[in-house]
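In what follows, a structure is listed as structure tokens, so that the remarks can point back to it.
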Ligand SMILES: Nc1ncnc2c1ncn2[C@@H]1O[C@H](COP(=O)(O)OP(=O)(O)OP(=O)(O)O)[C@@H](O)[C@H]1O
Ligand SMILES: [Mg+2]
């Protein structure tokens with residue numbers, strides 16, 4: 001019985017191809033928008049969680065300098081994060097003071113400078129950013145550093161100074177392989193390792209720049225090439241297991257302020273919260289837009305169904321004359337509008353999935369979170385509930401839009417309907 | 001089979017009232033073939049609708065097959081006419097988007113008859129009315145006479161006891177008209193269907209066993225015709 005009704009409804013849709021197509025299009029747009037937005041938002045959420053998880057929620061980021069007090073309207077943590085976003089000039093910090101703090105497990109330092117580089121594959125000189133890593137970073141933050149696997153050569157070892165590990169792309173540009181030499185600030189350094197190409201850029205586990213173009217030295221080498229030993233661009237502090245990370249970050253700020261070198265800290269937890277908050281407000285706006293386009297689609301269905309009822313008054317009269325009850329007419333029209341919705345939903349899901357995948361690729365690599373991130377590995381997520389939900393929603397919305405027209409159809413008196421010209 | 005007692009039907013058009021039936025009493029026995037004649041606007045169609053449960057009288061009673069139907073709800077009426085009454089209209093009233101076969105199937109769909117049986121029965125009836133070669137044709141692809149035969153097949157498909165035809169030959173030439181009348185008469189004689197036909201054509205009325213004349217919403221006389 002229900003199958004027969006579906007068949008009849010389908011025929012109703014087919015006989016008005018052009019109008020049905022346009023109506024379906026309205027729903028497609030709405031559903032595609034909803035699916036794409038949710039998939040992208042979920043993808044972002046998942047990516048962020050994954051990245052922050054990888055850095056570790058026990059990590060405190062420390063940059064030299066105080067966040068400016070100028071923008072009082074900004075909440076404190078926002079101000080701090082904004083400061084992180086702008087980056088810091090760097091300053092000499094006595095990080096050994098931090099190692100003594102209770103609840104601190106490891107401390108690492110990163111120093112970035114712009115260096116004059118010559119290499120076999122480079123014409124003339126290049127001005128490129130080099131990154132000095134302390135042994136605290138490479139040893140104390142293994143998970144943090146796990147984004148770097150070597151394609152060849154070795155990692156930094158005890159006593160290494162004028163050695164360099166290159167990202168695969170920059171190694172190619174330099175025309176060098178493991179064992180070759182390049183000069184940095186006129187000093188010859190040996191290439192001891194080359195990183196594996198990272199597909200997505202990673203979030204660089206918080207390190208500056210794209211690792212594919214990274215030029216990494218022991219921090220001691222950067223100190224002796226550029227002077228100002230002990231200068232730090234970014235320090236990482238790992239809280240001991242079970243420690244209150246927020247408290248640790250406060251202790252770090254206090255300790256460095258006492259030493260006369262104020263710093264600003266933020267925890268991974270804070271960054272994650274801020275990112276989530278930003279994401280959800282963006283999401284709310286996008287969801288509202290998507291909801292409006294769905295509503296417009298539903299009104300389109302209502303309009304089409306209302307016209308369909310008017311066009312088919314006589315047909316309704318005929319069906320009633322041969323024994324159709326109210327519920328039969330009602331279900332015919334509801335099924336028809338529901339089917340229009342469902343077809344729109346299926347196509348909308350397809351379009352939405354395609355859109356979100358493409359958008360995911362575009363967003364990937366162009367998104368920055370904080371000073372320590374370059375590219376952002378990102379892909380949209382399509383949970384089964386999203387797909388099923390979108391289909392159910394579009395059928396439901398279609399049927400709902402058909403209620404009013406279908407009721408009008410069902411209420412027609414058979415004699416009146418048959419007389420209708 | 002059919003029993004009308006003082007049926008009154010009044011249509012309101014704004015402030016004016018059109019009294020289409022002004023107290024019609026009529027009794028039709030099972031297996032009878034009755035013609036209803038009368039001038040245009042006299043209430044013939046209204047009478048047929050009231051008999052066939054398409055419409056309810058404002059006053060009076062209608063009994064079909066011993067059951068009072070004048071007080072039934074709209075859905076109960078729909079159910080009743082679906083099973084018990086077959087309609088044939090002057091303008092055929094086929095669904096234009098459905099094929100002949102599907103049009104004949106339609107009443108069975110609302111009775112919940114399974115598809116296989118519907119198809120078999122619809123095909124059988126179309127063959128019976130001489131349209132075995134036209135199953136897939138849409139109404140627009142059929143002649144008037146063929147359309148009316150599809151409508152007759154449709155009227156028969158739930159095996160109703162009562163067949164009501166409102167000027168079934170009104171839109172047909174005399175040859176197709178005669179074919180249709182022969183078909184209807186055959187149903188009355190061979191299958192013992194009770195048949196009520198509205199017409200203004202005395203020739204058509206002559207097929208019937210009895211003619212009822214109606215004028216201004218009232219029955220005029222009941223004339224017995226020799227058979
Ligand atoms: N829905 C309606 N609203 C208002 N008036 C109506 C309605 N249906 C019928 N009438 C009026 O009721 C009267 C009887 O109509 P009915 O259709 O029964 O006539 P009829 O005898 O079948 O005429 P014809 O031979 O022209 O078909 C007419 O005057 C008609 O105008
Ligand atoms: Mg009439």
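The values are calculated or read from the model by the stated rules, or taken from the named source; none is laboratory data. On a predicted model such as this, the values are computed, not experimentally measured, just so you know. Please note: Cβ atoms are built from the backbone with ideal geometry, for glycine as well, and neighbour counts cover all protein chains shown.
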Seminar exercise, completed: Among residues of region B:35-63 being away from ligand 1 (no atom under 11 Å from the Cβ) and buried (at least 22 other Cβ atoms within 10 Å of the Cβ), the residue nearest to the other protein chains (Cβ to nearest Cβ) is B:54
Problem set entry | Among (1) assigned to a strand (DSSP E or B); (2) surrounded by fewer than 20 Cβ atoms within 10 Å (Cβ to Cβ), the one test that residue A:179 misses | (1)
For this session: Look at residue B:95 and say whether it is away from ligand 2 (no atom under 16 Å from the Cβ) and either more than 9 Å from chain A (Cβ to nearest Cβ) or under 23 Å from residue B:202 (Cβ atoms) (or both).
Result: no
Exercise. Of all residues in region B:158-205, which are part of a loop (DSSP other than H, G, I, E, B), under 18 Å from residue B:85 (Cα atoms), within 16 Å of ligand 2 (Cβ to nearest atom) and more than 14 Å from every other protein chain (Cβ to nearest Cβ)?
Worked result: B:168
For this session: Considering each of B:151, B:120 in turn, give the residue that is modelled with pLDDT of 95 or more and farther than 19 Å from residue B:186 by Cβ.
Result: B:120
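For region B:137-157, which residues satisfy the criterion of being away from chain A (no Cβ under 14 Å) and in a loop (DSSP other than H, G, I, E, B)?
Across region B:137-157, the qualifying residues are B:137, B:142, B:143.
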For this session: For region B:1-75, please list each of the strands (runs of 3 or more DSSP E) lying entirely inside it that holds at least 2 residues being at pLDDT below 95 and more than 16 Å from ligand 2 (Cβ to nearest atom).
Result: B:2-13, B:16-28, B:59-64
Problem set entry | Evaluation of residue B:202 against (1) more than 16 Å from ligand 1 (Cβ to nearest atom); (2) surrounded by fewer than 18 Cβ atoms within 10 Å (Cβ to Cβ); (3) over 15 Å from the mean Cα position of the chain (by Cα) (one fails), failing number | (1)
For this session: Would you check which residues across region B:75-95 are within 18 Å of residue A:412 (Cβ to Cβ) and away from ligand 1 (no atom under 16 Å from the Cβ) and list them?
Result: B:75, B:76, B:77, B:78, B:79, B:81, B:82, B:95
For this session: Taking residue A:295 as the residue in question, decide whether it is away from every other protein chain (no Cβ under 14 Å), in a helix (DSSP H, G or I) and under 30 Å from residue B:154 (Cβ atoms).
Result: no
Exercise. Tally time: how many residues in region B:5-18 are more than 14 Å from chain A (Cβ to nearest Cβ) and within 8 Å of ligand 1 (Cβ to nearest atom)?
Worked result: 0
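Of all residues in region B:147-171, count the ones that are in contact (Cβ under 8 Å) with a residue 24 or more places away in the chain and away from ligand 1 (no atom under 16 Å from the Cβ).
To start, the set of residues in region B:147-171 that are in contact (Cβ under 8 Å) with a residue 24 or more places away in the chain comprises B:147-158, B:160-171.
Retained after the next criterion (residues that are away from ligand 1 (no atom under 16 Å from the Cβ)): B:147-158, B:160-163.
Number of matching residues: 16.
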Exercise. How many of the residues making up region A:34-48 are surrounded by fewer than 22 Cβ atoms within 10 Å (Cβ to Cβ) and under 15 Å from residue A:388 (Cβ atoms)?
Worked result: 1
Exercise. Out of (1) in a loop (DSSP other than H, G, I, E, B); (2) in contact with a helix residue (DSSP H, G or I) (Cβ under 8 Å, 6 or more places away or on another chain); (3) surrounded by fewer than 17 Cβ atoms within 10 Å (Cβ to Cβ), the odd one out for residue B:113 is which?
Worked result: (3)
Seminar exercise, completed: Reported set for region B:64-75 where residues are farther than 27 Å from residue B:17 by Cβ and at the interface with chain A (Cβ under 9 Å from one of its Cβ atoms) is B:75
